[in-house]
Amino acid sequence: MTLRAIRTTTALCTALLLTAPLASCQQPSPGRGFIPRHEEPAPADREIATLLDRHHITETVTTDLNTYLDLPHRIEVATRSCAGEGSGYDPDTRRIELCYDDLTEDRRLFEQAGDTPADEPVTAVARETLYHEAGHALIDTLGLPTPDDRAEEDAADRFAQLMLLRDGRPDGEQTLLTAARAYDLAAAAHPEPDPEDEHAPDPVRAESHRCATYGAAPAHHPTLATPPRAPCPHTWTTTRTTWLQHLAPVLRS
């Protein structure tokens with residue numbers, strides 16, 4: 001972990017303890033846990049890199065993960081320019097990569113839809129993406145069975161939902177709904193799904209996030225109440241219960 005990341009993480013932990021005195025803010029040892037790392041962006045990605053840095057997105061997410069989970073080894077969480085490779089998790093190196101260029105595209109779509117400036121939705125998408133990739137890392141770490149790539153992607157989406165909706169977090173609800181809108185915008189811009197993409201189609205992922213948000217707190221979201229979403233409270237309970245069972249070996253008490 002860089003000195004800047006250590007200082008930022010310490011500050012975030014202090015802020016968490018001040019706002020929630022009973023919380024336990026755990027910082028991992030250098031050899032374990034989710035460790036943030038920032039790489040120099042390509043010139044076209046500097047604006048996005050500055051935005052993430054200003055809002056401490058990677059540090060906030062890794063602090064949250066390390067407060068919740070006690071991993072047996074190190075998982076690096078890097079932000080970098082990927083030249084179109086796409087954000088992802090590499091099980092061989094145990095490394096999550098959040099790609100600046102993906103977020104540059106998200107910014108363009110939000111701004112075309114009238115969100116100017118698009119700082120808030122872009123940072124929300126970054127948070128959701130990091131939790132999704134952390135889900136992949138945990139599937140790998142815990143050796144969780146997934147029958148195919150699509151099932152793993154769906155499970156990673158559900159882990160992001162768990163992290164953002166646990167404890168009734170209003171900011172988490174908004175993050176998921178913003179990510180759902182990002183999937184809507186991507187689907188409108190690229191209506192033909194990529195046959196090589198292991199993820200669910202963007203409209204399906206958008207609806208999954210809305211279903212989880214509604215299912216976790218129906219009274220908070222009357223505008224999301226539709227007949228097709230009647231099963232969503234049960235779906236959310238299943239998501240939460242299943243992931244908590246999987247996470248039992250690494251959950252902090």
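If we scan the stretch 216-226, do we find a residue that is in a loop (DSSP other than H, G, I, E, B), over 22 Å from the mean Cα position of the chain (by Cα) and polar (S, T, N, Q)? Step through it out loud before you land on a result.
Kept after step one, since they are in a loop (DSSP other than H, G, I, E, B), are these residues of the stretch 216-226: 217, 221, 225-226.
Then keep just the ones that are over 22 Å from the mean Cα position of the chain (by Cα); that gives 225-226.
Pick out the ones that are also polar (S, T, N, Q) and you get 226.
Yes - at least one qualifying residue is present in the stretch 216-226.
Tell me, yes or no, whether the stretch 124-135 has at least one residue that is of a type in the set (S, T, N, Q), closer than 20 Å to Leu177 by Cβ and touching a Ser or Thr at 6+ places or on another chain (Cβ under 7 Å). There is at least one residue in the stretch 124-135 that is of a type in the set (S, T, N, Q), closer than 20 Å to Leu177 by Cβ and touching a Ser or Thr at 6+ places or on another chain (Cβ under 7 Å).
Of the helices (runs of 4 or more DSSP H) lying entirely inside the stretch 29-115, the ones with 2 or more residues being over 16 Å from the mean Cα position of the chain (by Cα) and in contact (Cβ under 8 Å) with a residue 24 or more places away in the chain are found at 46-54, 100-112.
This table checks each residue for (1) over 27 Å from Ser253 (Cβ atoms); (2) surrounded by fewer than 20 Cβ atoms within 10 Å (Cβ to Cβ); (3) of a type in the set (D, E, K, R).
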residue	(1), (2), (3)
Thr62	no, no, no
Leu69	no, no, no
Arg74	no, yes, yes
Val77	no, no, no
Gly84	yes, yes, no
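Restricting to the stretch 101-141, give me the number of residues that are of a type in the set (Lys, Arg) and under 19 Å from Thr62 (Cα atoms).
To start, the set of residues in the stretch 101-141 that are of a type in the set (Lys, Arg) comprises 107-108, 127.
Going one step further and asking which of them are under 19 Å from Thr62 (Cα atoms), we end up with 127.
Result for the stretch 101-141: 1.
Any residue in the stretch 102-120 that is crowded, with 20+ Cβ neighbours inside 10 Å and under 27 Å from Pro249 (Cα atoms)? Taking every residue of the stretch 102-120 in turn, none turns out to be crowded, with 20+ Cβ neighbours inside 10 Å and under 27 Å from Pro249 (Cα atoms).
Screening His199 against (1) surrounded by 16 or more Cβ atoms within 10 Å (Cβ to Cβ); (2) not in a loop (DSSP other than H, G, I, E, B) leaves a single unmet condition, (2). All of Pro233, Pro218, Pro201 fail the test of being under 15 Å from Leu176 (Cβ atoms) and touching a Pro at 6+ places or on another chain (Cβ under 7 Å), apart from Pro218.
We did not get these values from a lab; they are worked out from the coordinates using the rules stated. For clarity, every value in this text was computed on a predicted model and none was experimentally measured. Note that we place each Cβ from the backbone using ideal geometry, even for glycine, and neighbour counts take in every protein chain shown.
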